[in-house]
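Rule-based calculations on the coordinates, nothing more; no lab input. What you are looking at is a predicted structure, and each value in this text was computed from that prediction instead of being measured. Using ideal geometry, Cβ is built from the backbone for each residue, glycine included, and neighbour counts are taken over all protein chains shown.
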Amino acid sequence: MDEQTGPPESTTALLRAVLALAADLDPTSLLERFVQAATELTGARYGAINILDEYGASTTFVQSGMPDAVVAALAHPPHAVGVLGQIPAFGVLRLTDLRQHPAFRGLPAGHPPMGSFLGTAVRVRREVFGYLYLSEKDGGFVDVDESLVTALAAAAAVAIQNAELYTAARHRENWLRAGQRITTMLLEGVEEEEVLLQIAASAREIARADTAALVLPGVGGELVMEIVDGHREDKLLGLTMDRDGRSWEAFLRGAGTLVASLSTADTPQLEPLSRFGPALYTPLRAGEQSVGVLVLLRRAGSPPFAPSDLTMAQSFAAQAALALILAQARHTQDVGALLDERERIARDLHDLAIQQLFATGMQLETARGQVALGDASTAIGAILEEALAGLESSVRQIRVIVRTLHDQGRPSTLVERLHREITLARPGLGFAALLRIEVDGRAVSAADGDLAGRIDDVVGPDRAEDIIAVVREGLANAARHARSTAVTVRVTLTGSGPNGAVLIEVEDNGAGLDLTRDRHSGTKNLADRAQRERGTFTLGPVPSGPGTLLSWQAPLG
């Protein structure tokens, strides 16, 4: 190298390109920079990097020089066949005219003509990451081009490895943050269904999946897709898993698995699942206890999930499962404490109020005996006065005890009470019912504290009791008779006062009404309640399909 003239221009350009690659940590941007630098350094008109799967099919293709309209018109990116399949794992393939190579199979329709060609493998950690293609250089490629491309590919390999490590660290951080959020929600007492929805939504977003589903134990010991978020959720929700399928394997064995494509898998798939491509199954498992399975799906033709995706998803699922188990244990503990408190109140009721009422009854018996003997002395008046005082004292004690039971046994707002009814109904149903609350066209959740409080003001305590009673009976009716896999509770409030109305609908997808059933005590109570409140009550088949629809409506005022 001449000290006056400095390094050759090609060397300077190569160093500049290497520095640019090293500074880029975004995988997509890095590949674009790499292809651009390779075409600029060699003077090629067209350049591309092609990342292939284990079968030689293209999963990522980044090109430079070809118009977007031409790329869009081509059926698919090139695979490792023909001349492209001849590129060695080490070194380069340089051709004056690729059309003269024995392996040339022609170019796709609409593809621009190409003659001179230079191809090389890009290796990351001794494994082939992808292949660089360069074509159409005036005068053909020369030895210097080979040296430049080889050096650039080595630098790109280091940059790609750094970008992968950075991306993996970001993904790990996102998974950990999502797991912490799930734990926080459960500790704050958020409803279990809302937590399950958050688990699915977080997993789908972080794993860049099109669909996430939670498969949970359902009626009859089956595994059912109870929570679905994303593409085709309407087709997957309520789907019962095949006993020989991957969901059961993950649930029982406690080990996750990756599937390259459900649409082309050798084993038969349930029809709704066969429409998807790559899949990831990981158990929601803490210790030896499985509570469900997390399933992540991508559309057919999408890149497969990587082993690192499975590793992080398994860690997230284990953390979520532990949080769910601890939350259930805490709920059981709270229920036990509530039962203990009610038992104490029952003892107080017996020891104080009932015994006092018994003593008052004995006093009245004494007075009645004296009256029967014709004794009308002032002693009877004293006995009656004392008995009345005892009754008033008993009434006051009973009111205090009942108020204590009332306050401790129910949440503060109607929205919270409705969510609690959904939770309490889950053991009987075998799954979590779906609750939808709507006020004047606006959806309401337990997190909408201010709006939930205003709902109580509009509804009033008496109508709130009606709503809870109807929802409770509707869920109990579905649990006893429906044999369903999905139940939806809809509470719709419109207006306020005498001009307002509440509509409660409990819909299941079960076996429908049993016309031979001769006991209707629960539904009769609902009919009586509707009549008493100037409302309506109906129980019949679902208009749009199988199942039963319970409908109860009444004015708010």
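Cα extents for region 173-328 along the principal axes, largest to smallest and rounded to whole angstrom: 43, 37, 28. Between the beta carbons of T184 and T28, assuming R0 = 30 Å, the FRET efficiency works out to 0.35 to the nearest 0.05. Measuring r between the beta carbons of E385 and D462 and using R0 = 30 Å, the FRET efficiency lands at 0.25. Full extension of the chain segment joining A103 with A169 gains 19.6 nm, where the gain is 0.36 nm per residue of separation less the Cα-Cα distance.
Look at V228, V439, V215, V71 and count the other Cβ atoms within 10 Å of each Cβ; fewest to most, that gives V71, V439, V228, V215. Find out how many positive minus negative residues lie around R204, taking Lys and Arg as positive, Asp and Glu as negative, among other residues whose Cβ is under 14 Å from that of R204. Once all neighbours under 14 Å are counted, the net charge is -1. In this structure, the amide hydrogen of G500, modeled 1.01 Å from its nitrogen in the peptide plane, lies closer than 5 angstrom to those of L556, G557, counting only residues at least 5 positions away or on a different chain. A89 to L197: FRET efficiency via 1/(1 + (r/R0)^6), r the Cβ-Cβ distance, R0 41 Å, to the nearest 0.05? The computed FRET efficiency comes out at 0.30. S116 sits among other residues whose Cβ lies under 12 Å from its own Cβ, and their net charge, with Lys and Arg +1 and Asp and Glu -1, is 0. Extension gain for T494 to T240 (0.36 nm times residue separation, less C-alpha to C-alpha distance): 87.8 nm. With neighbours defined as other Cβ atoms within 10 Å of a residue's Cβ, the residues K524, K235 order from fewest to most as K524, K235.
Taken along the Cα-to-beta-carbon direction at a fixed 7 Å, the label points for S274 and R436 span 3.1 nm.
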